[in-house]
Amino acid sequence: MVSRAAIGVFDSGLGGISVVRQLRRDLPNEHVLYFGDSANAPYGRKTPEQVRELSFDIVDRFVRQGVKAVVIACNTATSAAVDALREAYDIPIIGMEPALKPACDRGHGTAQRIIVAATPLTLHEPKFKRLMTRFSDQHTIFSQPCPDLVEILEHGQLEDRDRVIRTLHGYLDQYDLDAIDSVVLGCTHFPFFRSYFRELLPETTAIIDGNAGTIRHLQVILESLGKLAPEDAAGGAELRNSDPSERVAALERSLLER
């Protein structure tokens with residue numbers, strides 16, 4: 001069995017395009033409907049109730065469009081809404097969480113020192129706190145909110161090196177970076193800043209995001225349901241945003257092509 005139905009992917013804004021890029025690389029036959037909610041960004045500074053309401057509005061739209069699965073390409077929306085969404089819909093709802101387990105596993109039994117960079121809401125939600133509890137006995141984990149990185153990407157300032165580096169220094173200078181084993185990019189906006197993180201971190205410090213693992217999980221789920229796209233399907237991505245401006249549309253296209 002196969003399915004040519006689309007996969008819905010959504011985020012609070014532009015960051016989820018990093019997940020769409022991963023999906024297009026790993027599952028090139030799939031058709032993707034992407035929705036960025038830039039008009040309501042950032043989710044990381046909203047209440048969980050607000051994020052759940054916005055998430056339900058988006059998934060309702062996807063379901064009306066006949067998608068076969070939804071990827072919540074937003075750690076914040078996953079934390080606030082994934083359980084409720086899974087209870088409400090009978091299609092697979094794939095969430096994301098900071099890739100803390102892969103960062104811990106890198107030590108092969110040796111205690112790791114890890115910075116988790118994410119939005120304030122992701123770091124304060126019970127879902128992340130439960131994740132922390134699983135690993136904090138054996139590893140040292142620092143939770144670092146980085147809300148300004150979301151704002152920089154949403155405002156099209158990714159190429160403003162001075163501002164990005166200054167912002168990262170504000171977040172990272174409090175740590176002894178030579179003693180950090182990994183930095184987890186716990187927001188889908190943050191992979192677009194990977195080269196900047198790399199510039200400031202020692203070569204021995206790994207930079208880890210959850211995009212590839214999320215798409216592998218999606219593939220396993222679709223394969224188990226017989227709903228992968230056929231090999232002759234062309235695939236593609238349609239980008240939509242709650243902010244209809246040409247500025248945002250141009251940003252989406254440029255990020256997808258990076």
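The values are calculated or read from the model by the stated rules, or taken from the named source; none is laboratory data. Everything numeric in this text was worked out from a predicted model, so none of it was measured. No Cβ is skipped: glycine too gets one built from the backbone with ideal geometry, and neighbour counts run over all protein chains shown. The protein model used for the area step is the full one, side chains on, heavy atoms only, and it has no ligands, DNA or RNA in it. Shrake-Rupley method; radii C 1.70, N 1.55, O 1.52, S 1.80 Å.
Miscellaneous remarks
- Listed by position, the strands (runs of 3 or more DSSP E) contained in region 111-215 that have at least 2 residues being of a type in the set (S, T, N, Q) are 140-145.
- Of all the listed residues (8, 36), the sole one being in contact (Cβ under 8 Å) with a residue 24 or more places away in the chain and closer than 24 Å to residue 145 by Cβ is 36.
- Among residues of region 212-258, those that are within 21 Å of residue 158 (Cα to Cα) and of a type in the set (Val, Ile, Thr), counted: 1
- Flag for residue 243 being at pLDDT 95 or above, out of contact with any strand residue (DSSP E or B) (no Cβ under 7 Å at 6 or more places or on another chain) and either surrounded by 15 or more Cβ atoms within 10 Å (Cβ to Cβ) or of a type in the set (Gly, Ala, Ser) (or both): yes
- Residues of region 81-110 classified as open to solvent by 10 Å² or more (accessible area, probe 1.4 Å) and in a helix (DSSP H, G or I), total: 8
- Taking the numbered list (1) in a loop (DSSP other than H, G, I, E, B); (2) touching a residue at least 60 places away in the same chain (Cβ under 8 Å) in turn, residue 71 passes all entries but (1).
- Residues of region 216-231 satisfying the condition of being out of contact with any strand residue (DSSP E or B) (no Cβ under 9 Å at 6 or more places or on another chain), in contact (Cβ under 8 Å) with a residue 24 or more places away in the chain and either of a type in the set (Ser, Thr, Tyr) or farther than 16 Å from residue 73 by Cβ (or both): 226, 228, 230, 231
- Picking from residues in region 28-47 that are out of contact with any strand residue (DSSP E or B) (no Cβ under 6 Å at 6 or more places or on another chain) and either buried (at least 19 other Cβ atoms within 10 Å of the Cβ) or of a type in the set (Phe, Trp, Tyr) (or both), the one that is modelled with the lowest pLDDT is 44.
- Filter result (closer than 21 Å to residue 233 by Cα and part of a helix (DSSP H, G or I)) within region 18-59: 19, 20, 21, 22, 23, 24, 25, 26
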